[in-house]
Amino acid sequence: RETKNGFEQEIHRYQAQNCQGCPLRSLCHKSKYDRIIERNHNPIRLKAQAKTLLKSEQGIAKRKQRCWDVEAVFGNIKQNMNFKR
């Protein structure tokens, strides 16, 4: 599938073989036909990769450093541009 921006996505489509007579059907979906699920596995993979990088020792160190780096910038903006309460 192609998005509005021209980015191509790989969508996997799964369809149930037979939902008729299933006791959980009304809880699962409201369609008259069998359930269809579309799944894009790429964002899931990228989120898992980002999570592992953030939880690594280097990721934790960079998150700690961010607090100090950003505070100085905001302090300069407030002081130099007279943004005060």
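A few notes on this one:
- Cα-based radius of gyration of the chain once divided by 2.2 N^0.38 Å, which approximates compact folds: 2.02
- Computed E for S26/R1 - FRET, C-beta separation, R0 30 angstrom, nearest 0.05: 0.50
- In the elastic network of the chain, a GNM with C-alpha springs shorter than 10 Å, the most mobile of L27, L46, L54 is L27.
- The chymotrypsin sites (Phe, Trp or Tyr not before Pro) of segment 1-77 that DSSP puts in a loop, and whose beta carbon has at most 11 other beta carbons within 10 Å, are F7, Y33.
- In the chain, a dipole from Cβ-located charges (positive for Lys and Arg, negative for Asp and Glu) runs towards its positive end, and of N18, W68, I36 it is W68 whose Cα lies farthest in that direction.
- Helix axis angle, 57-80 relative to the chain longest principal axis, alpha carbon, degrees: 50
- Between the helical axis of 41-55 and the longest alpha-carbon principal axis of the chain there is an angle of about 40 degrees.
- Only lysines eight or more places from K78 in sequence, or on another chain, were considered; those with a Cα closer than 25 Å are K62, K64.
- Carbon + sulfur, % of accessible area of the chain - ligands and nucleic acids excluded, 1.4 Å: 54
The values are calculated or read from the model by the stated rules, or taken from the named source; none is laboratory data. None of these values were measured; they are calculated from a predicted model. No Cβ is skipped: glycine too gets one built from the backbone with ideal geometry, and neighbour counts run over all protein chains shown. Heads up: the accessible areas ignore ligands, DNA and RNA and are worked out on the full protein's heavy atoms, side chains in. Shrake-Rupley method; radii C 1.70, N 1.55, O 1.52, S 1.80 Å.
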